[in-house]
Amino acid sequence: MVQQETKTQVTINLAALANNAKLVRMHAPHSKVLAVIKADAYGHGLLAIAEALNHVDGFAVARLEEGVQLRKAGVRKTVLVLTGFTSPMDVDVFSQYELDAVVHSDYQVDYLNQSQLTQPITVWLKINTGMNRLGVSLNAVKRVHDSLELSAKVRLPIKLMTHLACADDMDSPATNKQVELFDQAVEGLVGEQSITNSAGLIGWKHAQRHWVRPGIMLYGGNPFIGGNDTAGIGLQAVMTLKSTVIALRIVEKGQSVGYGGTWTAKKTSLIATIGVGYGDGYPRHAAEGTPVLINQQKAGLVGRVSMDSINVDVSQLNTVKISDQVTLWGDGLAIEEIAENSETISYDLMCGVTQRVPRLYRKDADGK
């Protein structure tokens, strides 16, 4: 069997991950850290990231299967499943694997009480303070809390949480309103609290409680609207997507490039074809001019993104040749810049890198 050397790959910089985790501790020194590693750790690899973050206090995932995977891999810390149980059968699995469950709806209380658990489980009561997605309504908090407190299936005290909808916008009044509503809703209730995500724990320090829940900042993504300056916060890119130049072509004035002929050369141009496309997770709708980095020089996208390749105009660059390495985002090129040019967010790009792209893990700043 012939094996072709892989040209497109993702490098996961675990030293950068460690740096970002330290920044969480710096910004929230009095809180426990629940690292959000859902969706395969935002595309970085669930188990590898959990192992690298073994110094945090716990992990949050979105799906029961993710929690079970962590337990089977030997993770013994707190593991919170953010959607909780969504069927009666799930409750037994939460107990078997000692997973914490978010309770956000009345039906979950019913499932819990109908279960045959012999050992109680830890629950986090989620309160809707304005996200209007998951969470019990404000006027139902005391009732649901009382039901949980009276259940022999629940380990006491019950933890209390909410989720911020607009923490990434420092000009929005919504966050302060949500914090105020949360405090009113939990007044008199005993139990550890959690409010803040990445943007919340950096920008809204009065909302930090017993637990903080960093996600995007762990991976080096700027959690604020319009924020490309991750260095200003001290964050470092963990994921770098790279490929190589696989073809160079002179395109004459008036000739077009790519499907549909959407880009036409206004002058004779040198076009580089790079071996990465939407089949690898590069955004299909990246706009003309979206930058890539070749030999530490920026070049702009031309024509449509194909499944396996993109084209960039390298006419103004010094010395581009076949097999030159190309950075699509990450080290030296902020992922937020690519996301903005693709009308999406960095989370989407990170999670969208497909399984055909191998992940290589670096443990230190020297690339080893």
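A few comments on the model shown:
- Net charge, Phe94 excluded, C-beta distance under 14 Å - Lys, Arg +1, Asp, Glu -1: -2
- The Cα center of the range 264-308 and the Cα center of the range 108-143 differ in position by 48 Å.
- The range 1-60, relative contact order [Cα under 8 Å, separation at least 6], %: 34
- Candidate aspartates and glutamates for bridging to Lys266, where Cα separation is under 15 Å - those fewer than 8 sequence places away on the same chain excluded: Glu252, Glu288, Asp313
- Over 24 Å apart at the Cα level, from the set Lys38/Lys153; Lys321/Lys363; Lys32/Lys159, are Lys38/Lys153; Lys321/Lys363.
- Normalised by the number of residues in the range 239-333, the mean separation of alpha-carbon contacts (under 8 Å, six or more apart) gives a relative contact order of 36 percent.
- Averaged over residues, the count of other Cβ atoms within 10 Å places the peptides 312-323, 237-248 in the sequence 237-248, 312-323, highest first.
- Net charge over other residues, Cβ less than 10 angstrom from the Cβ of Trp329 (K, R count +1; D, E count -1): -2
- Peptide packing: for 346-352, 107-113, 250-256, the average count of neighbouring Cβ atoms within 10 Å per residue gives the ranking 346-352, 107-113, 250-256, highest mean first.
- Calculated log₁₀ intensity ratio I(q)/I(0) where the Debye formula runs over C-alpha points of the range 149-280, q = 0.14, 0.18, 0.19 Å⁻¹: -0.80, -1.00, -1.05
- The range 239-333: C-alpha pair distances exceeding 23 Å, %: 15
- Cα principal axis extents for the chain, largest first, Å: 77, 53, 40
- Contact order, relative form, for the chain: 19 percent (alpha carbon pairs under 8 Å, 6 or more residues apart, mean separation divided by residue count).
- A simple count of charges around Gly277, restricted to other residues whose Cβ falls under 13 Å of its Cβ and scoring Lys, Arg +1 and Asp, Glu -1, yields +2.
- Listed residues Gly234, Gly260, Gly226, most fluctuating in the chain (Gaussian network, C-alpha, under 10 Å): Gly260
- Part-to-part distance (alpha-carbon centres) for the range 339-358 and the range 146-210, which is given in Å: 30
- The range 281-340: GluC sites (Glu not before Pro) in DSSP loop, at most 14 other beta carbons within 10 Å: Glu288
Only the coordinates and a few stated rules stand behind these numbers; no lab work does. Because the structure is a prediction, the values reported are computed rather than measured. Glycine gets a Cβ as well: all are built from the backbone with ideal geometry, and neighbour counts include every protein chain shown.
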